[in-house]
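First up is the structure itself, then whatever we jot down about it.
FYI, it's all coordinate maths here, none of it is from the lab. Here the structure is a predicted model, which is why all the values come from computation and not from measurement.
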Ligand SMILES: [Zn+2]
């Protein structure tokens, strides 16, 4: 495997997964609390804003969690660090910067342009 320190990346991904799961659970718990007290101090506009913010945060956390879980899956299957498109090895420096990257830099850039 091309990755210099796969175990370090793997444990980083595992702690990220735990962190994101807690974050999502907290957002959900906050949301449930807000719904439980319909008539509190915040006016409707503030409340709608807070809900939209929570939703955006939750969606971000969920998206990240999926990426992290995908990366852990690839560890399981021994395909971690291999580009999904061209199947070359992803630059280890790139993986250290972005441990859940699924594409090599070249494919990523091609996708973005
Ligand atoms: Zn590639």
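Quick look at the values:
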| item | result |
| --- | --- |
| Helix 6-36 axis, angle to the chain major axis (alpha carbon atoms, nearest 10°) | 10 degrees |
| Added length on full extension, which subtracts the Cα-Cα distance from 0.36 nm per residue, residue 46 to residue 98 | 15.2 nm |
| 0 to 90° range, to nearest 10: angle between helix 44-77 axis and the chain longest Cα axis | 20 degrees |
| Debye log10 I(q)/I(0) for region 6-80, one point scatterer per Cα, at q = 0.15, 0.25, 0.28 Å⁻¹ | -0.60, -1.08, -1.21 |
| Spatial separation of Cα centroids for region 9-24 and region 86-106, in angstrom | 19 Å |
| Extension reserve of the residue 30-residue 8 stretch, reckoned as 0.36 nm per residue once the Cα distance is removed | 4.6 nm |
| Computed [θ] at 222 nm, deg cm²/dmol, the chain (DSSP H ≥ 4; -39,500 (n - 2.57); rounded to nearest 500) | -24000 deg cm²/dmol |
